[in-house]
Amino acid sequence: MSAFLHAIATEVAARVQTNDELVAGVDGWTADRIFTRTGLTERRIAAGDETAGDLCCRAAERLFAESGIDRATIDTLIVCTQSPDYFLPSTACVLQDRLRLPRSVAAFDLGLGCSGYTYGLWLARSLVLSESSSNVLLLAGDTYSKYCHPQDLAVASLFGDGATASVITKSPESVWAKIGPSVLGTDGRGAANLIVRAGASRLPTSETPSDRYLHMDGAEIASFAVSTVKTVVTSLLDKVGLRWPDIDGFVFHQANPTFVQRLTAAYRLPPEKVPIGLSNVGNTCSATIPMVLEQCARSGRFQPGQTLVLVGFGVGYSWAATLIEWKKS
């Protein structure tokens, strides 16, 4: 038995925030400086009452409408987010009802960020191969902008809000890709380098304002990512008996366009093998990889039979690389 990625649908927040808007009233920053650092021209920002659950719900409804998948056939719902609608219940339980999925569905949240989609593919594939599930709906969405202090542009300039919906199935008919093996990893020693300290059980409240917002040590995160991505890709290729030149495309987590270019140069990859997207959306965390895959599907960037490696990495630290064989023409 094999597991297949049937389709992907995307949704982004409606509000567009340009670099000029972002820097207004913040000393020392210009729109050009943000573009040079990040490669972003603008980002999507969720409304005050708009949640990752809302974005995931709209992505799923679009998936059902565009792909023809019958929601009644979904037997597992995984919601990957670090921006849950509530501490409890899980966002997956809320979305089971909103999406009118069967009451027999298994529904749960996956609390991972930028590695979350590749973790989700690994988990969904495992469920299908074990015959525990036949059709897994994997939703990935985040609203990190709500965690960013508006004056901390080193962080606020990076993130945008969006979500994706994917179906992983045992049926090989009309699919986008065959999902192969994964290699995953974790290093909790890096937890403090990308963290919101206050608000949960460890520190429910804090008199230190910065504790309530996203803290990021950008230099440490970048150093971790450059070294870890190379290691995890090499481990995955060793596992399946392939070499870097054998791979037709590398879809990295889109931390930002400038950083993806840095990875491409560091590993001496041909730029045509590394899609870069979301320059007008921002870093949507768990949703960046499927968003880029959806863009590639629409543009016809990859051809049937080509082999791709998807690599997620970030908060945790956590990382995962997945091999897929592209099927969509």
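The values are calculated or read from the model by the stated rules, or taken from the named source; none is laboratory data. What you see is a predicted model, and the numbers here were worked out from it, not measured in a lab. Note that we place each Cβ from the backbone using ideal geometry, even for glycine, and neighbour counts take in every protein chain shown.
State the number of residues belonging to the range 21-55 that are closer than 30 Å to A165 by Cα and outside any helix (DSSP H, G or I).
Of the residues in the range 21-55, 13 are closer than 30 Å to A165 by Cα and outside any helix (DSSP H, G or I).
Give V105, V128, V94 a once-over and let me know the one that is among the β-branched types (V, I, T) and out of contact with any Phe, Trp or Tyr (no Cβ under 9 Å at 6 or more places or on another chain).
Working: V128 fails: out of contact with any Phe, Trp or Tyr (no Cβ under 9 Å at 6 or more places or on another chain); V94 fails: out of contact with any Phe, Trp or Tyr (no Cβ under 9 Å at 6 or more places or on another chain).
On inspection, the qualifying residue turns out to be V105.
Filter the range 56-88 for residues that are outside any helix (DSSP H, G or I) and without any contact (Cβ under 8 Å) to a residue 24 or more places away in the chain and give the result. I'd like the intermediate steps shown before the answer.
Kept after step one, since they are outside any helix (DSSP H, G or I), are these residues of the range 56-88: 68-70, 74-88.
Scanning the range 56-88 gives G68, D70, Y86, L88.
Would you check if there is a residue in the range 205-216 being assigned by TED's automatic domain parsing to the domain that holds G282, in contact with a strand residue (DSSP E or B) (Cβ under 7 Å, 6 or more places away or on another chain) and either of a type outside the set (D, E, K, R) or closer than 26 Å to V79 by Cβ (or both)? Break it down stepwise before answering.
Residues of the range 205-216 that are assigned by TED's automatic domain parsing to the domain that holds G282, as a first pass: 205-216.
Then keep just the ones that are in contact with a strand residue (DSSP E or B) (Cβ under 7 Å, 6 or more places away or on another chain); that gives 215-216.
Still in the list and also either of a type outside the set (D, E, K, R) or closer than 26 Å to V79 by Cβ (or both): 215-216.
Yes: one or more hits.
Can you name every residue in the range 274-291 that is among the hydroxyl-bearing types (S, T, Y) and either over 14 Å from L121 (Cβ atoms) or touching a helix residue (DSSP H, G or I) at 6+ places or on another chain (Cβ under 7 Å) (or both)? Quick ask: steps written out before the conclusion?
Taking the range 274-291 and keeping what is among the hydroxyl-bearing types (S, T, Y), we get 279, 284, 286, 288.
S279, T284, S286, listed by residue number.
With respect to P181, determine if the residue is loosely packed, with under 15 Cβ neighbours inside 10 Å and more than 20 Å from the chain's Cα centre (by Cα). Break it down into steps so the answer makes sense when it comes.
On the way: loosely packed, with under 15 Cβ neighbours inside 10 Å: yes; more than 20 Å from the chain's Cα centre (by Cα): no.
So P181 fails the test.
Report, by residue number, each residue of the range 10-52 that is in contact with an Asp or Glu (Cβ under 6 Å, 6 or more places away or on another chain) and within 30 Å of K178 (Cβ to Cβ).
T10, A52, listed by residue number.
Quick check on my filter: what residues within the range 150-165 are hydroxyl-bearing (S, T, Y) and touching an Asp or Glu at 6+ places or on another chain (Cβ under 9 Å)?
Quick first cut of the range 150-165, residues hydroxyl-bearing (S, T, Y) only: 157, 164.
Of everything in the range 150-165, just one residue is hydroxyl-bearing (S, T, Y) and touching an Asp or Glu at 6+ places or on another chain (Cβ under 9 Å), namely T164.
Report whether or not A219 is of a type outside the set (S, T, Y), part of a helix (DSSP H, G or I) and modelled with pLDDT under 95. Steps first, please.
Numbers: of a type outside the set (S, T, Y): yes; part of a helix (DSSP H, G or I): yes; modelled with pLDDT under 95: yes.
Judged against the criteria, A219 is a match.
Pick out the one residue from A52, A92 that is surrounded by 17 or more Cβ atoms within 10 Å (Cβ to Cβ), within 30 Å of S201 (Cα to Cα), in contact with a Ser or Thr (Cβ under 8 Å, 6 or more places away or on another chain) and not aromatic (F, W, Y). I'd like the intermediate steps shown before the answer.
Numbers: A92 fails: in contact with a Ser or Thr (Cβ under 8 Å, 6 or more places away or on another chain).
Of A52, A92, the one residue that is surrounded by 17 or more Cβ atoms within 10 Å (Cβ to Cβ), within 30 Å of S201 (Cα to Cα), in contact with a Ser or Thr (Cβ under 8 Å, 6 or more places away or on another chain) and not aromatic (F, W, Y) is A52.
When the residues of the range 118-150 are narrowed to those that are touching a Cys at 6+ places or on another chain (Cβ under 7 Å) and of a type in the set (G, A, S), which ends up surrounded by the most Cβ atoms within 10 Å (Cβ to Cβ)?
A140
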